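A short write-up of the structure that comes next.
The values are calculated or read from the model by the stated rules, or taken from the named source; none is laboratory data. Here the structure is a predicted model, which is why all the values come from computation and not from measurement. Cβ placement follows ideal geometry from the backbone for every residue including glycine, while neighbour counts extend to all protein chains displayed.
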Amino acid sequence: MAYCTTADVILSGVHGNTTFTTATVPTSNQVTEAINKIAREIDSKLYSSDVTVPVDSTTSPNAYALLKDLNVIGAAAEVERIAFNEYDQKTPEDMKAIGSYRNQFESILREYCEYPVKLRDAVLGSSHKLLWTKEKSTPWSGTMDRYDYDRTDEEEENSLEPEFKSEDKW
């Protein structure tokens, strides 16, 4: 289930198009497929992070709104990639635009997968019950996350926020 529509992608201003048709590059069908492809990628990665997917707009409106924006960013990357592949005149600026959208998409999705509580009202699986109830009480990182128990001392030191790093620990 896609979290956004072609109209949402148009409103984002991607590719400067005000509309996609069967005669544009990309076509309206290609844009719809890009939206669906990105939604499948989002759901797949969130599912592997124990988030119930697809996220429903009525039961989880905040999470749905965040995923709608993420779906638009990912679809924008796909739309630019399709357009880029169709044109003969390819510039470094075109490549930067494609990479920028895709990097932004991957960064946000990775954050949601690592910290599903950022999706606020999304339904999480049972493996998150204990892990995500910890308050900011640990001076070494500010929060507890599911990977803390596997970290070495060196990884832990590198994960600290700058204000907590010091030569003399506590």
Seminar exercise, completed: Residue count, the range 14-58, condition small (Gly, Ala, Ser) and either touching a strand residue (DSSP E or B) at 6+ places or on another chain (Cβ under 6 Å) or closer than 18 Å to Leu70 by Cβ (or both), comes to 6
For this session: Might you check whether a residue that is in contact with a Ser or Thr (Cβ under 8 Å, 6 or more places away or on another chain), within 20 Å of Arg120 (Cα to Cα), part of a loop (DSSP other than H, G, I, E, B) and not small (Gly, Ala, Ser) occurs anywhere in the range 38-52?
Result: yes
For this session: Report, ordered by the first and then the second residue, all pairs with beta carbons closer than 6 Å, sequence separation of six or more or different chains, a first member in the range 2-31 that is touching a residue at least 12 places away in the same chain (Cβ under 8 Å) and more than 22 Å from Ser44 (Cα to Cα), and a second member that is of a type outside the set (Phe, Trp, Tyr) and exposed (fewer than 14 other Cβ atoms within 10 Å of the Cβ).
Result: Val25/Glu86; Ser28/Thr21
Problem set entry | Conditions (1) surrounded by 16 or more Cβ atoms within 10 Å (Cβ to Cβ); (2) not in a loop (DSSP other than H, G, I, E, B); number of the one not met by Val55 | (2)
For this session: Kindly indicate which of Thr32, Thr19, Thr59 is of a type in the set (Val, Ile, Thr) and under 18 Å from Leu124 (Cβ atoms).
Result: Thr59
Seminar exercise, completed: Pairing a residue in the range 102-113 that is farther than 19 Å from Tyr47 by Cβ with any residue that is surrounded by 15 or more Cβ atoms within 10 Å (Cβ to Cβ), where Cβ atoms lie under 6 Å and the two sit 6 or more apart in sequence or on different chains, gives Arg102/Ala77; Gln104/Ile73
For this session: Select from the range 59-112 the residues that are basic (Lys, Arg), modelled with pLDDT of 95 or more and surrounded by fewer than 16 Cβ atoms within 10 Å (Cβ to Cβ) and list them in ascending order.
Result: Arg110
